[in-house]
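Report on the following structure.
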Ligand code: SF4
Ligand code: SF4
């Protein structure tokens, strides 16, 4: 009887945690980044982008969402955010939500073109 209870306890713990992990993975989303009006055009980020996604726009630097992979394929962090001296000058762009797989596919595509 105790063995059956232990079995069910383990079963429910695994099932509950498995479902939770599955939900987290499925809901995990990445985004291309965008440069906000806080940018002071200091030039730090543009040469650091491995995808050549950053260029000078009308007023400030801009990120091409078609080229930004959040540095997936190159680094484990967004290098432009790391070098930018201004807080919140480079932020996630909620208009360009992508999965890790989509970012990797974009990286492969860009790699062929560069
Ligand atoms: S996150 Fe990476 S790929 Fe995207 S703009 Fe910044 S440096 Fe370029
Ligand atoms: S590093 Fe930051 S402040 Fe400098 S140009 Fe890039 S976004 Fe603008």
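Every read-out reported here was derived from the displayed coordinates using simple, explicitly stated rules and does not represent laboratory data. What you see is a predicted model; the values in this text were computed from it and never measured. Please note: Cβ atoms are built from the backbone with ideal geometry, for glycine as well, and neighbour counts cover all protein chains shown.
Counting only DSSP beta bridges with both residues in segment 30-113, tell me the antiparallel percent, nearest 5. Display every interim value, and only then the final one.
Numbers: 8 of 8 bridges.
The answer is about 100 percent antiparallel.
Taking neighbour Cβ counts within 10 Å as the exposure measure, how do 103, 33 sort from fewest upward? If you can, show how the numbers build up before the last one.
Numbers: 103 19, 33 24.
Least to most surrounded, the residues fall as 103, 33.
Neighbouring Cβ atoms within 10 Å as the yardstick, rank 86, 63 fewest first. Mind dumping the intermediate values first?
Working: 86 13, 63 23.
Listing 86, 63 from fewest to most nearby Cβ atoms yields 86, 63.
Using only C-alpha atoms and all pairs of different ones, pull out the Kirkwood radius for segment 30-113 in Å with one decimal.
Working: mean 1/r = 0.0788 Å⁻¹.
Value: 12.7 Å, from the Cα pair sum.
Most exposed first by the Cβ proxy, i.e. fewest other Cβ within 10 Å, how do 72, 83 rank?
Working: 72 20, 83 15.
Neighbour counts put them in this order, fewest first: 83, 72.
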